[in-house]
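One structure is given below, encoded as structure tokens.
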Amino acid sequence: MSFYCGIDLGARKSHLCLINENDKRLLDKKMDNDLDEIESKLYPYKLSLKIVAESTFNWEWLVYGLQNRNYNVKLAHTLGLKAISWSKKKTDKWDAFTLARLLRVNMISQAYIYPYELRPIRDLLRERIRLVTKRATEYGAISRMLLRYNIQGYNRNMVKHLTEKDIQEALSSPFYSLEGYYGT
């Protein structure tokens, strides 16, 4: 007999629903996010168990932890779970049961589980992209600020090389400073 487990993963607690081939619930429980505790409930079914968890912000500890303990784990792509997102019944218990049923009938839209060994490199690259984007946004903001005060001749690349002193000199006219505006 095969067994299927849907895990509705939350920030502190998760709901586990384990069913058999006939959709009979063998386990339907909210548990703390503790890998040892979760595995203790799944272990008796391990040899013929398939597990699915929804790809949320904190899936890594659970999926990598269970994979490391040789469980068959799939990661469900949230955009492919219309049975859950469109459901009028929205509880963790129902979502976990729906995940288990979708896994049983092989209708899980899977998200890619990045290899654990390569995850730090991927995370570092994502963070670098985020920081480079933020830096470019700030250069654009400085450039627009200068244009707002009709200070011409600074494109985004030139703004990169401005020092704090350069900006203060560019804005030194009484028209651009509060002191000049209030006549002090």
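What follows is calculated from the coordinates using simple rules that are stated; it is not laboratory data. Please read these numbers as outputs of a predicted model, since none were measured by experiment. Virtual Cβ from ideal backbone geometry, glycine too; neighbours counted across all protein chains shown.
Find how much the distance from Asp23 to Gln152 grows on full extension, using 0.36 nm per residue of separation minus their present alpha carbon separation; answer in nm with one decimal.
Details: separation 129, 0.36 × 129 = 46.44 nm, distance 7.02 nm.
My answer for the length gained is 39.4 nm.
For the chain, give the share of DSSP beta bridges that are antiparallel, in percent and rounded to the nearest 5; count only bridges with both residues there. Mind dumping the intermediate values first?
Numbers: 14 of 24 bridges.
Just about 60 percent of them are antiparallel.
Which ³J(HN,Hα) values, rounded to whole Hz and listed in residue order, are derived for the stretch 141-149 from phi using the Karplus coefficients 6.51, -1.76 and 1.60 in 6.51 cos²θ - 1.76 cosθ + 1.60 with θ = phi - 60°, glycine and proline given as x?
My calculation for the stretch 141-149 gives 5, 5, 4, 5, 4, 4, 5, 4, 9 Hz in order.
So who's got an amide H within less than 5 Å of the one on Lys74, skipping anything under 5 residues away but keeping other chains? H placed 1.01 Å off N, in plane.
Amide H neighbours of Lys74: Ile51, Val52, Ala53.
If amide H atoms are built 1.01 Å from N in the plane of the peptide, which residues on other chains or at least 5 residues away come under 5 Å of the amide H of Ile108?
none
Ordered by residue, what ³J(HN,Hα) values in Hz, to whole numbers, does the stretch 155-171 give under the Karplus form 6.51 cos²θ - 1.76 cosθ + 1.60, where θ = phi - 60° and Gly and Pro are x?
Along the stretch 155-171, the couplings run 8, 4, 5, 5, 4, 4, 9, 6, 9, 4, 5, 4, 5, 4, 5, 5, 9 Hz.
Apply the Karplus parameterisation 6.51 cos²θ - 1.76 cosθ + 1.60, with θ equal to phi minus 60°, to every residue of the stretch 105-121 and state each ³J(HN,Hα) to the nearest whole Hz, in sequence, with x for glycine and proline.
Result, rounded to whole Hz: 9, 6, 10, 8, 7, 7, 9, 6, 9, 5, x, 4, 5, 8, 4, x, 5.
Between 0 and 90 degrees, rounded to the nearest ten: what's the tilt of helix 92-104 against the longest Cα principal axis of the chain?
The two axes meet at around 70 degrees.
Pick out, from Val52, Asn33, Gly153, the residue whose Cα sits farthest towards the positive end of the charge dipole of the chain, with +1 on the Cβ of Lys and Arg and -1 on the Cβ of Asp and Glu.
Sorting the options by dipole projection puts first Val52.
Among the chymotrypsin sites (Phe, Trp or Tyr not before Pro) in the stretch 49-155, which ones are in a DSSP loop with at most 13 other Cβ atoms within 10 Å of the Cβ? Mind listing them? Walk me through the numbers on the way to the answer.
Details: sites: Phe57, Trp59, Trp61, Tyr64, Tyr71, Trp86, Trp94, Phe97, Tyr112, Tyr116, Tyr139, Tyr149, Tyr154; in loops: Phe57, Trp59, Tyr71, Trp86, Tyr112, Tyr149, Tyr154.
Counting only loop positions with at most 13 other Cβ atoms within 10 Å, the chymotrypsin sites (Phe, Trp or Tyr not before Pro) in the stretch 49-155 are Phe57, Trp86, Tyr112, Tyr149.
Taking amide H positions as placed in the peptide plane 1.01 Å from N, state which residues far from Lys30 in sequence (5 or more) or on other chains have amide H under 5 Å from it.
Counting only residues 5 or more places away or on other chains, the set is Leu16.
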